[in-house]
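Just below is one structure, and these are the notes that go with it.
The values are calculated or read from the model by the stated rules, or taken from the named source; none is laboratory data. Remember, it's a predicted structure, so these values are computed and weren't measured experimentally. We place every Cβ from the backbone using ideal geometry, glycine too, and count neighbours over all the protein chains shown.
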There are 2 protein chains.
Amino acid sequence: MPLMKSWVESANAPDCPFPLNNLPYGVFSTGDDDEPHCGVAIGDRILDVTAAEAEGLITLSDIPLFDVPFWNEVMEEGPAVWAALRARLTALLSEDSDERATVEPLLVPMAEAELHMPFAVSEYTDFYAGKNHAVNVGTMFRGAENALPPNWLHIPIGYNGRASSVVVSGTEVRRPWGQLKGPNDAAPRWAPCARFDIELEMGAIVGTPSDGPITVQEADDHIFGYVLLNDWSARDIQAWEYQPLGPFQAKATATTISPWIVTKAALEPFRTDTPAREVELLDHLKDCGPMLYDIDLEVTLAPEGKPATTLARTNYKEMYYSAAQQLAHHTTSGCPMNAGDLLGSGTISGTEKSERGSLLELSWGGKEPITLDSGETRTFIEDNDTLTLKGAAKGDGYTIGFGDSVGTVLPALADPFARG
Amino acid sequence: MPLMKSWVESANAPDCPFPLNNLPYGVFSTGDDDEPHCGVAIGDRILDVTAAEAEGLITLSDIPLFDVPFWNEVMEEGPAVWAALRARLTALLSEDSDERATVEPLLVPMAEAELHMPFAVSEYTDFYAGKNHAVNVGTMFRGAENALPPNWLHIPIGYNGRASSVVVSGTEVRRPWGQLKGPNDAAPRWAPCARFDIELEMGAIVGTPSDGPITVQEADDHIFGYVLLNDWSARDIQAWEYQPLGPFQAKATATTISPWIVTKAALEPFRTDTPAREVELLDHLKDCGPMLYDIDLEVTLAPEGKPATTLARTNYKEMYYSAAQQLAHHTTSGCPMNAGDLLGSGTISGTEKSERGSLLELSWGGKEPITLDSGETRTFIEDNDTLTLKGAAKGDGYTIGFGDSVGTVLPALADPFARG
């Protein structure tokens with residue numbers, strides 16, 4: 001599919017992340033009007049769809065869908081409404097639209113907008129479904145022979161995360177304290193995390209609720225869209241706490257998502273297959289079509305006041321399991337899924353060192369410091385470092401972008417139990 | 001504290017679970033009026049507080065608190081409103097109330113009411129904080145020498161569960177399918193769970209939100225109340241899936257809670273200390289007052305059409321960590337907590353075989369079948385078995401009850417992927 005041209009000129013540049021082909025969904029506010037509205041990115045503008053609906057330009061349902069500052073109401077309407085909305089937005093913003101005069105006053109300069117969480121996270125699940133990452137981490141912790149757990153090739157391993165800790169890009173992240181115990185320590189101690197890390201992931205957002213097991217194809221149909229996702233991880237807290245019931249406080253400080261939900265429809269031209277299987281999957285998890293996406297991913301680190309260094313470049317197609325397979329697995333036991341459920345892919349690493357999606361892997365457990373462009377070195381995140389995830393699918397003369405997922409790590413509180 | 005007498009005569013019997021000392025909070029509907037209302041149990045009646053507020057008998061806030069069918073709005077108001085509500089309800093229902101004539105028409109016979117979820121579960125966390133249970137399970141899986149994981153005596157181990165799967169007492173539970181692989185199987189297979197189990201727990205409900213680390217005392221202050229909680233567990237799914245990131249689908253079929261939230265105020269006379277510590281806890285988790293409760297617990301199993309057999313009796317004071325310690329630990333990394341967050345205590349087992357809170361422990365991993373009063377035997381739950389949790393704190397001439405937590409296990413679907 002080639003570039004679809006818009007009368008918003010800035011949207012037609014080949015490297016603009018928000019062409020008419022994209023139309024991602026977010027929530028924004030401006031200085032003029034503090035109340036957050038739903039918006040759609042187009043070029044360097046945001047279309048205020050809350051206003052567009054109020055003015056009767058968009059009518060998809062008997063009830064208003066955009067009078068709340070999140071996209072969950074649209075998600076719950078289901079795929080027919082998703083398609084109708086996209087068609088209507090395309091008609092309004094296409095270069096041959098005859099409604100430009102009505103629509104143009106509803107555009108807000110993106111540079112003047114503050115972006116908020118685009119949806120209310122119902123529940124958050126994080127998976128461990130990137131094979132290169134799992135092999136790297138497994139090799140570090142259990143040796144190369146036992147790198148992959150026995151179940152890894154049979155199910156997309158996942159654990160429930162904490163929805164309350166999901167924040168939008170730009171939110172500062174406070175270095176956590178935690179209970180730590182190194183392998184040679186006699187006893188645990190209470191201290192700030194010294195091995196704070198990123199995880200470069202994609203997040204899939206469930207749109208259609210379900211109340212029992214669903215197939216992989218149904219799961220793909222239920223997914224509303226995708227975001228970039230940084231699952232901040234306190235490796236030292238994790239090492240002490242995670243046996244036997246999994247990560248808990250190590251993953252509860254924050255998870256940062258990019259501000260725009262890129263819809264499945266926008267990503268349709270970029271579908272790719274999951275990789276060849278070492279072992280055949282059981283029927284209920286079998287691949288049934290290309291359900292990964294060819295999305296270039298990058299993570300950068302900028303020390304305070306210094307330029308950013310690229311830590312790694314990788315691609316979403318490196319995943320071993322698709323989000324559809326993860327969602328299908330998530331429902332096997334009858335677990336009810338709701339609109340706004342967020343599924344983290346798991347860390348996405350390629351096969352090369354320059355493609356590793358976490359500092360744990362990049363510094364090989366802290367043993368091999370990375371040199372930044374500024375000459376400084378890093379094993380894990382230092383205070384006031386800014387970490388940024390970027391993502392882009394490259395089309396024929398256009399780009400599908402997500403908006404960066406940015407977070408600056410603030411120093412730990414001096415004493416988290418001090419009370420004002 | 002002795003029995004507080006109510007003009008609702010049935011509330012004054014020593015074995016009535018809902019005396020004036022209790023006043024637990026629930027949500028109910030009746031045949032006459034399908035819309036669920038908030039209610040307070042008193043004797044064999046429910047006071048319709050949605051109606052009482054609408055009639056001006058209860059005015060706690062500028063905004064209505066009971067026009068929604070859950071108690072989260074009250075929780076968010078905080079301890080001063082909680083205390084004011086309890087004082088007002090006590091005044092209305094006390095035997096020396098002069099408002100009986102106004103209040104009596106707002107009482108509904110409990111026998112005619114259907115009970116619903118008393119609150120919207122924001123997120124659900126399950127702990128593993130009963131020592132006898134952890135020792136039993138650890139001994140089965142890792143041998144007596146390695147029964148307790150190294151971190152167990154230092155932190156209340158917990159994992160995030162699935163809020164969407166929490167249901168109220170009386171909801172039928174469908175036996176799940178899952179991916180299973182026994183230690184001697186060559187490959188995993190897709191089959192109905194053959195080792196479906198109960199976990200006898202208490203659930204603590206967070207009332208006051210927090211947005212950073214809180215102390216154990218603050219955590220105790222933030223807790224709104226308690227319910228009985230049965231964390232249904234698919235042991236065979238769990239065995240295959242839980243390494244390395246913890247239980248996932250094994251715990252996602254359902255978690256059943258009792259229908260009445262028993263407030264912290266009602267349980268105040270029953271506070272007990274946590275046990276002596278083998279190792280000193282770090283300061284942020286140290287005990288700072290009696291934060292467990294002396295609550296007798298029981299679990300029964302009734303095969304279809306047969307009387308119930310008591311499987312075990314135990315007591316909430318058997319816990320190693322209080323809910324306050326669990327909540328404090330939950331916040332250490334900065335994890336935001338919200339009104340309606342539900343914290344499962346972990347399975348509560350005593351030291352004796354007759355005090356074990358799961359079939360896994362009672363049948364010692366399925367090796368020692370239990371004989372029921374009907375002469376049948378059980379290792380795990382069979383289809384159409386009804387499992388019931390009961391709880392009661394015994395006061396001076398009165399009883400604080402929770403209402404039973406009941407669930408019948410339906411046979412697995414023939415083919416969960418068949419579509420109508």
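Quick notes on this one:
- Of all the residues in segment B:4-33, those that are touching a helix residue (DSSP H, G or I) at 6+ places or on another chain (Cβ under 6 Å) and in a strand (DSSP E or B) number 2.
- Only one of A:GLU73, A:GLU9, A:GLU77 that is within 20 Å of A:LEU267 (Cβ to Cβ) and either modelled with pLDDT under 95 or among the acidic types (Asp, Glu) (or both): A:GLU77
- Any hit, segment A:88-103, residues being assigned to a loop (DSSP other than H, G, I, E, B) and either free of Cβ contacts under 8 Å to residues at least 12 places away in the same chain or in the same structural domain as A:LEU343 (by TED's automatic domain parsing) (or both): yes
- Failed condition for A:ALA84, given (1) touching a His at 6+ places or on another chain (Cβ under 8 Å); (2) more than 17 Å from A:LEU107 (Cβ to Cβ): (1)
- Residue match in segment A:164-176 (condition: out of contact with any Asp or Glu (no Cβ under 7 Å at 6 or more places or on another chain) and over 30 Å from A:ARG45 (Cα atoms)): yes
- Number of the condition not met by A:GLY130 [criteria: (1) among the small types (Gly, Ala, Ser); (2) away from every other protein chain (no Cβ under 11 Å); (3) closer than 26 Å to A:LEU281 by Cα; (4) surrounded by fewer than 24 Cβ atoms within 10 Å (Cβ to Cβ)]: (4)
- Tabulated pairs, segment B:239-257, first within 14 Å of B:GLU123 (Cα to Cα), second buried (at least 24 other Cβ atoms within 10 Å of the Cβ) and charged (D, E, K, R), C-beta under 6 angstrom, 6+ apart or interchain: B:ALA252/B:ARG162; B:THR255/B:ASP231
- Filter pass, A:PRO192 being surrounded by fewer than 22 Cβ atoms within 10 Å (Cβ to Cβ), without any contact (Cβ under 8 Å) to a residue 24 or more places away in the chain and assigned by TED's automatic domain parsing to the domain that holds A:LEU267: no
- Unique residue being more than 14 Å from chain B (Cβ to nearest Cβ), surrounded by fewer than 24 Cβ atoms within 10 Å (Cβ to Cβ) and assigned to a helix (DSSP H, G or I) when the list is A:LYS317, A:LYS306: A:LYS317
- Here is the figure for segment A:338-363: residues that are within 11 Å of another protein chain (Cβ to nearest Cβ) and under 26 Å from A:ASP294 (Cβ atoms) total 2.
- Counting only strands (runs of 3 or more DSSP E) wholly contained in segment A:108-226, the ones carrying 1 or more residues that are out of contact with any Gly (no Cβ under 7 Å at 6 or more places or on another chain) occupy A:113-116, A:158-160, A:166-168, A:177-180, A:189-192, A:200-206.
- Filtered residues of segment A:282-296 (kept if within 24 Å of B:TRP177 (Cβ to Cβ) and crowded, with 19+ Cβ neighbours inside 10 Å): A:HIS284, A:LEU285, A:MET291
- Checking each residue in segment A:133-167 for being within 30 Å of B:SER210 (Cα to Cα) and more than 8 Å from chain B (Cβ to nearest Cβ) picks out A:VAL166, A:VAL167.
- Among the residues of segment B:244-262, some residue qualifies, meaning at least one is within 14 Å of chain A (Cβ to nearest Cβ) and among the charged types (D, E, K, R).
- Looking across B:ALA239, B:ALA250, one residue alone is within 21 Å of A:PRO247 (Cβ to Cβ) and surrounded by 24 or more Cβ atoms within 10 Å (Cβ to Cβ). It is B:ALA250.
- Which listed residue is farther than 18 Å from B:LEU115 by Cα, charged (D, E, K, R) and surrounded by 15 or more Cβ atoms within 10 Å (Cβ to Cβ), from B:ASP385, B:ASP396: B:ASP385
- Checking each residue in segment A:29-42 for being over 12 Å from A:LEU92 (Cβ atoms) and crowded, with 24+ Cβ neighbours inside 10 Å picks out A:HIS37, A:CYS38, A:GLY39, A:ALA41.
- Taken over segment B:285-303, the criterion of being away from every other protein chain (no Cβ under 14 Å), assigned to a loop (DSSP other than H, G, I, E, B) and charged (D, E, K, R) is satisfied by B:ASP287, B:ASP294.
- Unmet requirement for A:ARG378, which otherwise passes all of (1) over 26 Å from A:ALA134 (Cβ atoms); (2) crowded, with 16+ Cβ neighbours inside 10 Å: (1)
- Filtered by the rule that a residue be more than 13 Å from chain A (Cβ to nearest Cβ) and buried (at least 22 other Cβ atoms within 10 Å of the Cβ), segment B:169-189 gives a lone residue, B:SER169.
- Test for A:MET117: is it closer than 20 Å to A:ALA41 by Cβ, within 14 Å of another protein chain (Cβ to nearest Cβ) and in contact (Cβ under 8 Å) with a residue 40 or more places away in the chain: yes
- Sole exception among (1) within 11 Å of chain A (Cβ to nearest Cβ); (2) without any contact (Cβ under 8 Å) to a residue 40 or more places away in the chain for B:LEU282, by number: (2)
- Residues that are of a type outside the set (A, V, I, L, M) and more than 14 Å from chain B (Cβ to nearest Cβ), drawn from segment A:263-279: A:THR263, A:LYS264, A:GLU268, A:PRO269, A:PHE270, A:ARG271, A:THR272, A:ASP273, A:THR274, A:PRO275
- Whether a residue is assigned by TED's automatic domain parsing to the domain that holds A:VAL279, in contact (Cβ under 8 Å) with a residue 60 or more places away in the chain and more than 21 Å from the chain's Cα centre (by Cα) was assessed, and A:ASP396 passes this test.
- For segment B:209-243, the set of residues classified as within 11 Å of chain A (Cβ to nearest Cβ), of a type in the set (Phe, Trp, Tyr) and closer than 30 Å to B:ARG271 by Cβ consists of B:TRP232 only.
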